[in-house]
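The structure appears below as structure tokens.
The values are calculated or read from the model by the stated rules, or taken from the named source; none is laboratory data. Quick caveat: nothing in here was measured; it's all calculated off a predicted structure. Quick reminder, even Gly has a Cβ in these numbers, built from the backbone with ideal geometry, and neighbours come from all protein chains shown. Just the protein is used for accessible areas: all its heavy atoms, side chains included, with ligands, DNA and RNA removed. Shrake-Rupley method; radii C 1.70, N 1.55, O 1.52, S 1.80 Å.
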Amino acid sequence: GEGLAAYPLVEGAAPVDAVTDVLDGAAARSGLTFADYLVLGVIRRSPHGRSAPTAIASVLRRTTGGMTLTLDRLEAAGLLRRRRSPDDRRRVIVELTTKGARLATEVNVALHEWEAALRLPVTTEEAVTLLDGLTASVMAE
């Protein structure tokens, strides 16, 4: 496809707005909202590709009620499934379906392609290290 070339950083645009447009556009190309992509991404990056709804809500700083509605919608769309934990039947585990994993990966690849096209004042390795550190600090909060 055309990738994210349709979403360059516009000269004079606020960087946050430009990045938000890119993120929204990348998700929309796969039929998702960016908020939905974040949920799929958290599950995709979780140990063994599984997570608890409360953990997803915590990472994304959402209410558990709002997360339940989002998970209901994504499950109805065939992007994830919920099942009881084999270790504790009171717990629910969320995992991506093949379709959900494919869409989450497509958006992730598109975002990395866009990042690679940027002219950053640091190397890719430095940017990855910085982003990993930021992600780790957000996850630790």
Legend entry - Residue check for residue 115: part of a helix (DSSP H, G or I), open to solvent by less than 80 Å² (accessible area, probe 1.4 Å) and within 20 Å of residue 132 (Cβ to Cβ): yes
Legend entry - Residue that is farthest from residue 45 (Cα to Cα), among those in region 89-105 that are outside any helix (DSSP H, G or I) and in contact (Cβ under 8 Å) with a residue 24 or more places away in the chain: 91
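Out of the residues in region 55-71 that are more than 16 Å from the chain's Cα centre (by Cα) and open to solvent by 70 Å² or more (accessible area, probe 1.4 Å), state the one that is nearest to residue 100 (Cα to Cα). Steps first, answer last, please.
Pass one, region 55-71, residues more than 16 Å from the chain's Cα centre (by Cα): 63-66, 68-69.
Those still in the list that are open to solvent by 70 Å² or more (accessible area, probe 1.4 Å) too: 63-64, 69.
Numbers: 63: 22, 64: 21, 69: 17 Å.
Within region 55-71, the match that is nearest to residue 100 (Cα to Cα) is 69.
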Inset, instruction - Taking residue 107 as the residue in question, decide whether it is open to solvent by less than 30 Å² (accessible area, probe 1.4 Å), at pLDDT 90 or above, at negative phi and not basic (Lys, Arg). - result: no
Inset, instruction - Go through region 69-84 and give me each residue that's out of contact with any Ser or Thr (no Cβ under 9 Å at 6 or more places or on another chain) and closer than 11 Å to residue 39 by Cα. - result: 70, 71, 74
Inset, instruction - For region 66-88, name all the residues that are closer than 17 Å to residue 45 by Cα and either without any contact (Cβ under 8 Å) to a residue 24 or more places away in the chain or part of a loop (DSSP other than H, G, I, E, B) (or both). - result: 79, 81
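Could you check how many residues of region 22-36 are open to solvent by 20 Å² or more (accessible area, probe 1.4 Å) and either part of a helix (DSSP H, G or I) or of a type in the set (Asp, Glu) (or both)?
Looking only at region 22-36, we keep the residues that are open to solvent by 20 Å² or more (accessible area, probe 1.4 Å), and these are 23-24, 28-31, 33-35.
With the extra rule that they be either part of a helix (DSSP H, G or I) or of a type in the set (Asp, Glu) (or both), the set shrinks to 23-24, 28-29, 34-35.
Number of matching residues: 6.
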